[in-house]
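Asks: Got a structure for you, questions after.
Every number here is computed from the coordinates shown, using simple stated rules; none is lab data. Bear in mind that the values here come from a model prediction, so they are computed numbers and not experimental data. Glycine also receives a Cβ, built like all others from the backbone with ideal geometry; neighbour counts cover every protein chain displayed.
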Amino acid sequence: MAGSTDERPSKSQRKRDHLALVELARQLAALPDRTRRHLVGDEVVLEPLQQAASMKASGARERQLKYIAQLLEKTDYHALQTALDEHAKPSRASVA
């Protein structure tokens, strides 16, 4: 239907969103295990993240990260991104 307002984001926007989730998965996989467990908590996402963390850079690791991004789409990934950003901020003690 020409001229109808579609509520879905454009294909380009969906791709940008997915790439952002892949980057979030990459950042989470790079964290130490204890920190990752504290931030994620969801076992459905945590187990694949641990597998990705143990993989060397390869096509298989990239596929794993894309799979994790799909899992993250079904979670409250905005809260997870906020928690990761807070974790990345230097503490007041280390700045002073």
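Asks: Using 7 Å Cα-to-Cβ label points, what is the residue 63/residue 88 separation (nm, one decimal)?
Replies: Here the answer is 2.8 nm between the modelled labels.
Asks: On to the next question. Separation between the residue 79 and residue 51 pseudo-spin-labels, each 7 Å from Cα along Cα→Cβ, expressed in nm?
Replies: Result for the modelled spin labels: 2.5 nm.
Asks: Can you compute 3J(HN,Hα) from phi for each residue in segment 77-90, using the Karplus curve 6.51 cos²θ - 1.76 cosθ + 1.60 with θ = phi - 60°, rounded to whole Hz and x for Gly and Pro?
Replies: Those phi angles translate into 6, 5, 5, 5, 5, 5, 5, 5, 4, 5, 5, 6, 5, x Hz.
Asks: Here's a follow-up. Kindly state, to the nearest 0.05, the FRET efficiency for residue 17 paired with residue 37, given R0 = 41 Å and r defined as their beta-carbon distance.
Replies: Working: r = 26 Å, r/R0 = 0.63.
The value I calculate is 0.95.
Asks: Here's a follow-up. Just tell me which lysines come within less than 28 Å, Cα to Cα, of residue 56; anything on the same chain fewer than 8 places away is out.
Replies: Hits, sequence-local ones excluded: 15, 66, 74, 89.
Asks: Kindly provide the Kirkwood hydrodynamic radius of the chain in Å, to one decimal, from all pairs of distinct alpha carbon atoms. The partial results should precede the final answer.
Replies: Details: mean 1/r = 0.0675 Å⁻¹.
This gives a value of 14.8 Å.
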